[in-house]
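Comments concern the structure below.
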């Protein structure tokens, strides 16, 4: 008998449905994960085993096989721990097998059974809502998932035991509420810039028509200062843009506390490597976001943005490729 | 970007020991095709001490943001009226769409023609000038694109690197 738990894999910001199939059969004791798992997924065996022990359960000495279907889609990330653990618990009868049926599950487990936050909860919650399912996720990702819809069923637990108790009806995990991030008030203001009337006008025109802008001048003349004030004169993100930007932030693990903000993302440009990405309109916001926001999260954001494009444009540079503009201030406000 | 390696090219009184090639070589690091795709290029000269000491009287972001929002609303309602709801800003408009919303008068056409010949504007550059001119008219709340708008749009494309 095979127990099935639904989860997702990420292709860019798109959440692709993945089934975690768990089979416990007689034979030599073994614990195998198949279905193109990467190193983080393969290591989840140890985390799952320890978390189950910490929750007072042990794995049966049988042949355990986990298949992540579709088997030809590479699985990356640590969010498969919880679906694997729940699948195993359902297979050994520790939780009712129908408890996780209508839910999409994601979460990372600690050795003590604590659920650690994972990247990509927002796109996963949107995918779950689209397919009429609820979502089971770590407590810290709850507020993020709550943005997907008011109606979606969210179980956000702090640890594996609390989750099991919630399913059994002994303890209730309350529904998380969406949280709003900082608003646009604390952005740097254009009144701090002295002089530069021509550049100020150009910045205004660029913001009004969504034009790109190149500023040329000696160091210290105020190019970066002007550029950093562009978000303060742009209109707040509309619903569609907010969703796009937040989904990228979610996948890159940069959505602090699940707080969404209509503030336009802005990087420290002087530490940035600018890249020109010719992207189709659906990816434009992401490419923009990347080019604006690639310091510590560079590699991950870049990978997120570019992987879906690579199939079409094999020539796109990797995350460590050289830059086109040194100390550039090339902006493309959308 | 900086105008040259030390960044001081064009500053009054500055003489570069490396000669004029330094500036040209530095700026050539950005390719022509890339620069052709930039709508607005603007020189940001160094701020003098006099400007720094003057009382700060520049406009705040909120005032500028109001004009930006008004201009964006004009663009959005125009594109929606034309059945191009997917296009929100002038920069995103296609060639046919932008030609249908920018109808330069004779004066502007003459100016565009002369500029295109003198500065060998590419076809892409021509459309980008129209887009910027449309934005300038929207910012000014003017229905038709006038000569002054085309002239300002052209000024953002030519004469770059003179600093």
Would you check if residue A:174 is part of a loop (DSSP other than H, G, I, E, B), out of contact with any helix residue (DSSP H, G or I) (no Cβ under 8 Å at 6 or more places or on another chain) and closer than 30 Å to residue B:27 by Cβ?
no
Filtering the range B:1-17 down to residues that are in contact (Cβ under 8 Å) with a residue 12 or more places away in the chain and within 7 Å of chain A (Cβ to nearest Cβ) yields B:1, B:2, B:3, B:11
Let me confirm something: among B:37, B:78, which residue is without any contact (Cβ under 8 Å) to a residue 40 or more places away in the chain, touching a helix residue (DSSP H, G or I) at 6+ places or on another chain (Cβ under 8 Å), surrounded by 12 or more Cβ atoms within 10 Å (Cβ to Cβ) and under 30 Å from residue B:123 (Cβ atoms)?
B:78
Name the residue, out of A:165, A:159, A:141, that is modelled with pLDDT of 90 or more and in contact with a helix residue (DSSP H, G or I) (Cβ under 6 Å, 6 or more places away or on another chain).
A:141
Here is a check on your reading of the model: is residue A:15 in a strand (DSSP E or B) and in contact with a helix residue (DSSP H, G or I) (Cβ under 9 Å, 6 or more places away or on another chain)?
yes
If a residue must be in a loop (DSSP other than H, G, I, E, B) and more than 9 Å from chain A (Cβ to nearest Cβ), how many such residues does the range B:41-84 contain?
4
I'd like to check something: does the range A:232-251 contain any residue that is within 12 Å of chain B (Cβ to nearest Cβ) and on the phi > 0 side of the Ramachandran plot?
no
Name every residue in the range B:25-36 that is at the interface with another protein chain (Cβ under 7 Å from one of its Cβ atoms) and either under 22 Å from residue B:133 (Cα atoms) or at pLDDT 90 or above (or both), in order of residue number.
B:34
Here's a check for you: in the range B:146-161, which residue that is assigned to a loop (DSSP other than H, G, I, E, B) and within 15 Å of the chain's Cα centre (by Cα) is modelled with the highest pLDDT?
B:156
Only one of (1) part of a helix (DSSP H, G or I); (2) under 29 Å from residue B:134 (Cβ atoms) does not apply to residue A:165, and that is (2)
I'd like to check something: does the range B:119-127 contain any residue that is surrounded by 15 or more Cβ atoms within 10 Å (Cβ to Cβ), within 30 Å of residue A:193 (Cβ to Cβ) and more than 9 Å from chain A (Cβ to nearest Cβ)?
yes
Residue A:211 versus (1) out of contact with any strand residue (DSSP E or B) (no Cβ under 9 Å at 6 or more places or on another chain); (2) assigned to a loop (DSSP other than H, G, I, E, B): which is the lone unmet condition?
(1)
Apart from one, (1) surrounded by fewer than 17 Cβ atoms within 10 Å (Cβ to Cβ); (2) over 25 Å from the mean Cα position of the chain (by Cα); (3) assigned to a helix (DSSP H, G or I) all hold for residue A:220; the odd one out is (3)
Can you give me the number of residues within the range B:85-101 that are at pLDDT 90 or above and either part of a loop (DSSP other than H, G, I, E, B) or within 15 Å of residue A:208 (Cα to Cα) (or both)?
6
Could you tell me whether the range B:115-122 includes any residue that is part of a loop (DSSP other than H, G, I, E, B), within 23 Å of residue A:204 (Cα to Cα) and within 18 Å of the chain's Cα centre (by Cα)?
no
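The values are calculated or read from the model by the stated rules, or taken from the named source; none is laboratory data. Quick caveat: nothing in here was measured; it's all calculated off a predicted structure. Please note: Cβ atoms are built from the backbone with ideal geometry, for glycine as well, and neighbour counts cover all protein chains shown.
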